[in-house]
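Please read the structure below before turning to the comments.
The values are calculated or read from the model by the stated rules, or taken from the named source; none is laboratory data. Here the structure is a predicted model, which means the values were calculated and not measured. Cβ atoms come from the backbone with ideal geometry, glycine included; neighbour counts cover every protein chain shown. Areas reflect the complete protein model, heavy atoms only, side chains present, ligands, DNA and RNA absent. Shrake-Rupley method; radii C 1.70, N 1.55, O 1.52, S 1.80 Å.
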Amino acid sequence: MAVAAGGWTTEVAIVGGGLGGVSAALAALRLGRRVVLVEALQWLGGQLTAQAVPPDEYPWIESLQASQSYAQLRRAIREHYRLHLPLTPEARRALCLNPGQGNVSTLCHEPWVAAKVIDELLAPWEHDGRLRVLRQHRVQRAHSEGDRLRALELRDLRTGRESVLQAPLFIDATETGELLQQAGVEHVLGAEAQSATQEPHALPQADPMDQQAVTWCFAMEHRPGEHHVIDQPEGYERFRTLQLDCWPNAQYSWTLSDFVTHQPRTRALFAGDTDAPGVYDLWHARRIAWRGHFQPGAYESDITLANWPQMDYWEKPLIGVSEAEEQHALRQAKQFSLGFFYWMQTEAPRHDGGVGYPGLRLRGDVLGTEDGMAQQVYWREGRRIQAEFTVLEQHIGVAARPGQDGAQRFFDSVGIGAYRIDLHPSTRGRNTVDIDAYPFQIPLGALLPQRVDNLLPACKNLGTTRVTNGAYREHATEWSIGEAAGSLAAFALQRAEPPRAVRAKPELLQDFQRLLQAQGVLLEWPRFGALTPLLRTGYQHAARA
């Protein structure tokens, strides 16, 4: 790794160490490039680790992997449990071990485990000097010349030391598309107008301040008979009555608006035996540790991850506002989640007829924090590039494709993904949008900014609309987007061509797609066997929190 005076020079500079950034780094490294990865936090992994969200994945993930490198990540998480944690013999033998037996995924697990596994995946590359990870660093300024980004000014958040990072190719893998803004890359924020996209679920008018709610997640355990009630959070008396006009109750309630039908839906914290897998309540939705999988005494309680609609903070937008406004909204989002935890401890109707669960206890140790909250808020959307090609609802939405039996097929596919179009309440008070979507492809054109030549998106900042971003933002798809971006950067450097030439020149595109396939990336969904009906009907609504 070349060290310039007061900084670093590398081949691929990646800003943002979430799943897309990690995947992009691994892809570029496997293809022989040198990489610097910049992350503002100590943990890598983004939504899987620092934001503490167990993986939201398509329901057939155990039998069909879109990416072999993502499959390696999943295998490594399971193997970490088998090697280092006191599982029961039965759990250790389980091929598809689900440590928490949560409803949302076949791999609900503790965030600290994923953080360790990601570090282990990167360790060989750091050891040989081809990867430098700059943790707790943030981009202060970006320097461009014409249509090219030249350098980034970085600041070490621990020491205040400033340095410069130079590279021929840059990747934005930040959670909100921060680098797009800093580098002057044309982008979209918030909601597009229906007149611009023709999407059935677009808004009548564009509104950059119409942004999805964020959620500050937390982990907790339950110790019946004990008292762990926290101090009443700031703003609690107001939060406990906060209600969206389109919802049937205040948000602090077990009865809320159903994601799909918008009819009242009740789902309590506990229903039935809390130790049993498969129970449909909030506790089991994202449970990350089930004590039944571990030796007696290893876990005194199950641990569940709270990422529920009751905690969606929609009062203020957080992107495209001043630093002071963003920080205020972030504090409010954290207090709002803490308020819901306090409500559960003190006021919530109990499954046995009582009131409150004072035995609920925050578990910041599994999140790497002192206060029991995730290290970072869960971001559902951010800035999106104005791309050579933009994925629309008409390309993947089931209802938006009448007479079709699948998603639009893209000639320039660089990966695949699958999730419903899932939009949470917005800062304008709009209700959820949760609709069927076909399993889809990731088009290369969505990774190419219209103007800037040497910057690529690697996560939810690719060329989607706010509607389709609701399907492209989940864990496995973010990994695939990052893998495509990192591979494209390495391929473009090897061929001495700008990234956009790979799409423009058929022979280059074919070579690049063959390279991806050789790396274990699927470019289209198989159309045979048990998957065929799913491809034809779309990703149906499933039991989710």
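Below are the figures for this structure:
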read-out	value
Sorted peptide list for 287-298, 123-134, criterion being average Cβ within 10 angstrom, highest first	287-298, 123-134
Full-extension gain in nm, residue 327 to residue 150, via 0.36 nm per residue minus C-alpha separation	60.8 nm
Surface share of carbon and sulfur [accessible, 1.4 angstrom probe, percent] for the range 91-175	46 percent
Cβ-based charge dipole, the range 259-350, positive-most Cα from 341, 262, 305	262
Convex hull per residue volume in Å³, alpha carbons only, for the range 321-382	121 Å³
Accessible-area order (highest first, 1.4 angstrom probe) of the listed residues 427, 159	159, 427
The range 59-160: proportion of alpha-carbon pairs further apart than 16 angstrom, %	70 percent
Per residue accessible area of the chain, 1.4 Å probe, in Å²	36 Å²
The range 93-247 - Rg and Dmax from Cα coordinates, angstrom	22.5, 66
Extension gain, residue 123 back to residue 271 (0.36 nm per residue minus Cα-Cα distance, nm)	49.0 nm
Whether the range 415-504 is rounded, prolate or oblate, judged on the alpha carbon gyration tensor where a/c under 1.5 counts as rounded	prolate
Distance cut-off 22 Å, percentage of C-alpha pairs in the range 324-423 lying past it	59 percent
Estimated D of the range 376-453 in µm² per second, where Rh is the Kirkwood radius over Cα pairs and Stokes-Einstein applies at 20 °C, 1.002 mPa s	151 µm²/s
Hull-based mean projected area of the range 11-62, where the convex hull spans the alpha carbons, in square nanometres	4.4 nm²
Relative contact order computed over the range 1-86 (Cα-Cα under 8 Å; 6+ residues apart), in percent	22 percent
Structure-based [θ]222 nm, the chain - -39500 (n - 2.57) summed over DSSP H runs of at least 4, per residue, nearest 500	-8000 deg cm²/dmol
Mean shadow area of the range 269-358 over all directions, Cα convex hull, nm²	7.6 nm²
Cβ-Cβ FRET estimate between residue 250 and residue 63, R0 fixed at 56 Å, reported to 0.05	0.85
HN-Hα J in Hz across the range 174-184 - Karplus 6.51, -1.76, 1.60, θ = phi - 60°, x for Gly and Pro	6, 5, 10, x, 4, 5, 4, 5, 5, 8, x
For the range 153-216: relative contact order, % (alpha-carbon pairs under 8 angstrom, 6 or more apart)	19 percent
For the chain: Kirkwood Rh in Å [reciprocal of mean 1/r, alpha carbons]	23.7 Å
Hits among lysines - C-alpha to C-alpha of residue 316 under 30 Å, sequence gap 8 or more where chains match	334, 460
Average Cα contact separation per residue, the chain, under 8 Å, 6 or more apart, as relative contact order %	21 percent
The range 38-117: C-alpha gyration tensor shape, a/c 1.5 cut-off, then a/b vs b/c	oblate
Percent carbon-and-sulfur accessible area, the range 418-480, ignoring ligands, DNA and RNA, probe 1.4 Å	43 percent
Alpha-carbon gyration tensor eigenvalues x 5, square-rooted, for the range 137-176, Å	20, 12, 8
In the range 1-110, GluC sites (Glu not before Pro) in a DSSP loop with at most 14 other beta-carbon atoms within 10 Å	62
Along each principal axis, Cα extent of the range 159-302, largest first, Å	56, 46, 34
